[in-house]
Structure formats: C-alpha cells, structure tokens
Amino acid sequence: MVIKSENKMHNLKEIFDCFNAEGTFSVGGPYGSGHIHDTFRVETAEADRDDYILQRLNNRVFKNIPNLQNNIERVTEHLHKKYLEIPGSDVKRECLTLIPSRNGKSWIQDEEGKFWRMYIFISDHRSYDIVDSPDKAFQGGKAIGKFQAMLSDLPGDPLHDTIPYFHDIEKRLETFDRIRKANPAGRVEAAGDEIKFALSRAEEMKIILQLGREGKIPLRITHNDTKFNNILLDQNDKALCVIDLDTVMPGYVHYDFGDAIRTAANVAAEDEKDLSKVAMDIGLFKAYAEGYLSETRETLNSTEKEYLAFAPRLITYTIALRFLTDYIDGDNYFKIHHTHHNLQRARAQFRLVESMEEQYPEMQKIIRDLT
Ligand code: ADP
Ligand code: GN1
Ligand code: MG
C-alpha cells in the first residue's frame with residue numbers, strides 16, 4: 001500500500017513487513033498532529049490483533065537515531081517491568097511497546113537511508129490538543145508525575161542527550177541572536193515586534209539554569225516534551241499513557257511542568273491567530289498542579305517546588321523563541337502548514353507568556369498552598 005505524506009510516497013506494507021508484528025497489514029495512513037516525525041497508523045486485518053504506529057523518524061532533528069532508540073528501549077523496558085508488578089495493569093496500553101525489526105534492532109533503514117520504528121497502537125485512547133476541563137488537566141498532571149517517579153530508579157548509565165541543550169535557554173538565545181543577525185530568509189523585519197518581546201524577557205529566563213549551576217535543583221530523568229497531546233487519556237478521560245519518548249533525558253522538573261501548563265492551561269490553540277482568544281486558565285493550571293504534586297510532593301525539594309510557578313513562563317517563552325528562530329531561519333525545524341505558520345505560533349505563545357505574567361501572583365499562591 002503506497003501512501004503519500006509530506007509530498008513523498010511510502011510503501012507502508014513493505015515497511016511494516018520489516019518488523020516482527022503479529023497480524024497482517026490491512027490499511028495505513030497519516031496519523032496525529034506531531035510537529036517532528038511522519039507518523040502513520042497501521043490497522044491489521046485480524047480483529048484480535050494489535051494495530052500499530054509506524055514512524056519515519058526525523059533525523060535532521062535527532063542526529064543519532066541508534067542512541068535515541070537505545071534510550072527508548074531502556075525506558076520502555078523499565079516501565080514495562082514496573083507495570084507488570086502492578087496488579088490489574090494493562091501494560092500494552094499504559095506504556096509504549098517497541099516492535100523489534102527482522103534484523104533484531106528496534107528500527108530499520110529504508111533505501112533512502114531514512115529510519116523507521118514501530119510501536120503497538122495504544123487502543124481506545126483519547127488525545128487532546130486543547131484541554132477543556134480541570135479533571136483532564138488533573139489527570140495529565142498525575143500522568144507526568146507518575147512517569148517521573150517511575151523513571152527515577154532507571155538503572156545504568158545516564159540516558160543519551162538526544163538533542164543537546166534542548167531546553168537550555170542561554171544556548172537558545174545564542175542561536176536566536178546568530179540567526180537574527182544572519183537573517184537568511186529576509187524575515188527579520190516582519191518579525192520586529194516579536195523580536196523585541198523576546199529580547200525584553202531574555203535575562204529573567206536564565207534563573208532555572210542558574211539554580212542548577214548553584215546545585216539547588218537536581219537533574220532528574222524528565223520527559224522534556226510534555227505537550228498535552230503526548231499524554232494519552234483513556235475512554236473515561238483517566239490518565240493512560242505518556243508517549244513521544246524521544247526527548248526523555250536528564251532535565252529539570254520545571255521543563256515538564258512548564259510545557260504541560262503551556263498546553264493544558266491554554267484555552268486556545270498553540271497557533272491561534274486571534275490573539276484575544278489566547279489566555280492561561282488559572283483553574284486548569286491549578287488542576288494540573290494538583291495532579292502533578294499528588295505524585296511528586298514527597299520527592300521534590302523546596303527550591304524545585306518554589307519555582308514550579310515560574311516554569312510555565314520559561315517554557316512557553318522558550319518554545320515561542322524556537323518558533324520565532326525557525327521562522328527567521330526559513331522553517332527548517334518544525335513542520336508548518338502555511339507560509340507564516342511559525343510566526344503565528346510564536347505570536348500566540350508570546351501572548352500566552354503575557355497572560356501568565358498577568359496571573360503570576362495567583363500562580364505562586366496556588367503552588368504555595370499546594371506544597
Ligand atoms: P511527534 O514527535 O512528531 O510529535 P509522536 O511520537 O508524538 O511524534 O506521535 C505523533 C502522534 O501520533 C501523537 O501525538 C499521537 O496522537 C500518535 N501516537 C504516537 N504513538 C502512538 C501510539 N503508540 N499509540 C497511539 N497513538 C500514538
Ligand atoms: C515538538 O514532537 P512534538 O510535536 O510533540 C517539539 C517540542 C515543542 C513542540 C511544540 C523534539 O513536539 O519541543 O514544544 O513541538 N519536539 C521536538 O508544539 O523539538
Ligand atoms: Mg508528539
């Protein structure tokens with residue numbers, strides 16, 4: 001079966017047959033709304049067999065796919081063991097399962113040299129780009145808190161840094177300055193207001209890195225991409241499975257908390273054009289924080305807790321800066337759906353930063369009351 005995606009043709013059946021799946025290929029097509037990989041769902045012909053997710057991996061973003069896959073193998077094996085010990089757990093739906101390829105690895109390379117991997121499709125899940133109730137936000141918080149707790153005793157060497165300096169705002173600002181000065185796509189003028197906004201907040205964003213350097217907050221194993229659509233809920237909207245494990249690596253808990261609030265508490269879409277619609281909902285913020293702290297209250301140190309309220313401002317700013325940098329650079333990183341998409345995303349995310357700034361005293365009070 002040949003499928004067209006991103007203007008390329010893929011023979012999904014041929015790729016599928018390179019993996020040791022149970023069941024036979026029936027149909028496949030593009031799936032989900034991720035910004036990085038090409039993701040396809042494959043349905044099998046047999047009703048009692050799993051369906052699958054096939055991903056053509058973005059190796060412009062992830063430069064070392066064997067290291068990336070090695071991380072995911074270790075993380076998923078560890079989670080599998082943990083879930084197997086929990087009576088009544090549904091391992092195949094509560095954590096990702098990689099399917100080995102016929103060559104014994106967890107990926108294959110096609111004739112163009114592109115890497116593919118396959119997971120069991122998490123059946124009967126719900127996925128949200130926008131969260132519309134405190135209960136869902138609470139469940140998301142629980143899922144991320146539990147995920148961090150379960151990985152806190154991962155044995156062996158530290159995980160590979162799959163994208164070095166991923167959330168390092170100092171490095172992100174250096175890149176922004178370099179690209180802004182080079183102006184490779186001639187877009188600096190069009191992005192003048194956004195550049196000004198970014199520069200006006202740059203200094204205050206360095207506090208989390210500074211606390212790390214001072215040894216006040218530890219590096220832990222974090223997810224680093226806790227956008228709400230990377231947290232699957234079940235049919236009753238209860239926490240089910242944390243997916244998109246490409247960036248699981250050492251990080252500060254603020255990165256996960258901040259990115260989750262950026263998406264779970266924004267009442268508008270990430271790329272909302274009408275900026276008057278963009279706002280952080282304080283009720284959704286509180287619910288997510290409750291869920292998250294219900295799993296992590298005992299393990300976080302006091303400085304980590306104190307700075308949770310700041311984290312959403314940092315990560316929303318960081319992602320906005322990355323969208324803006326990519327726009328100025330000529331759209332080389334994120335998938336876009338129209339010419340000025342990255343600028344539109346940056347604008348909406350900077351507006352969200354402002355909304356968080358407006359509500360910051362309340363956010364701090366909520367965190368203080370919960371911790
Ligand atoms: P990206 O890095 O491009 O965001 P993801 O790994 O998040 O890629 O996958 C994209 C989307 O595909 C997810 O948001 C989710 O909707 C869906 N998805 C990924 N893996 C699975 C899975 N194992 N089961 C069900 N859906 C999945
Ligand atoms: C990307 O992979 P996806 O779509 O879940 C990006 C995140 C950004 C997000 C913005 C590896 O996430 O860092 O926050 O887009 N992932 C990577 O929507 O860069
Ligand atoms: Mg994703």
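Computed quantities for the displayed model
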| quantity | calculated |
| --- | --- |
| Loop GluC sites (Glu not before Pro), region 249-318, which have at most 10 other Cβ atoms in a 10 Å radius of their Cβ (DSSP) | Glu298 |
| Total charge dipole magnitude, region 60-133, about the Cα centre, Cβ charges on Lys, Arg, Asp, Glu only, Debye to nearest 20 | 300 |
| Check: the chain dipole with +1 on Lys, Arg Cβ and -1 on Asp, Glu Cβ, in debye | 600 |
| Cβ-placed point charges (K, R +1; D, E -1), dipole of region 2-120 about Cα centre in debye, nearest 20 | 460 |
| Fraction of accessible area attributable to carbon and sulfur, region 134-370 (%, probe 1.4 Å) | 48 |
| Mean Cβ neighbour count within 10 Å, used as a protection proxy, ranking 324-333, 222-231, 41-50 highest first | 222-231, 324-333, 41-50 |
| Dipole of region 134-370, positive end: most advanced residue of Gly156, Ala143, Gln210 [Cβ charges, Cα centre] | Gln210 |
| Accessible area (Å², per residue) of region 186-233, counting only protein heavy atoms and a probe of 1.4 Å | 45 |
| For region 1-146, accessible area per residue (1.4 Å probe, heavy atoms of protein chains only), Å² | 50 |
| Candidates per trypsin sites (Lys or Arg not before Pro) in region 295-359, loop by DSSP, up to 13 other Cβ within 10 Å | Arg297 |
| Solvent exposure of region 262-337 as accessible area per residue, Å², 1.4 Å probe | 34 |
| Rounded, prolate or oblate (a/c below 1.5 giving rounded, otherwise prolate when a/b exceeds b/c) for region 2-120 by Cα gyration tensor | oblate |
| Contact order normalised by residue count of region 134-370, Cα under 8 Å, 6+ apart, percent | 30 |
| Prolate/oblate/rounded label for the chain (Cα gyration tensor, a/c 1.5) | oblate |
| Most to least packed among 55-67, 129-141 [average Cβ atoms within 10 Å] | 129-141, 55-67 |
| Subset of Lys305/Lys365; Lys82/Lys136; Lys227/Lys335 violating a 19 Å alpha-carbon distance limit | Lys82/Lys136 |
| Fraction of accessible area attributable to carbon and sulfur, region 2-120 (%, probe 1.4 Å) | 47 |
| Charge context of Gly141, other residues only, Cβ under 9 angstrom, K/R +1, D/E -1 | -1 |
| Positive minus negative residues near Glu194 (Lys, Arg vs Asp, Glu; Cβ under 13 Å) | +4 |
| FRET efficiency estimate (nearest 0.05) - Cβ-Cβ, Glu362 to Thr303, R0 35 angstrom | 0.95 |
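The values are calculated or read from the model by the stated rules, or taken from the named source; none is laboratory data. Keep in mind that this is a model prediction, so the values were computed, not measured. Here Cβ is always computed from backbone atoms with ideal geometry, including for glycine, and neighbour counts include all displayed protein chains. All accessible areas refer to the heavy atoms of the entire protein, side chains included, with ligands and DNA or RNA removed. Shrake-Rupley method; radii C 1.70, N 1.55, O 1.52, S 1.80 Å.
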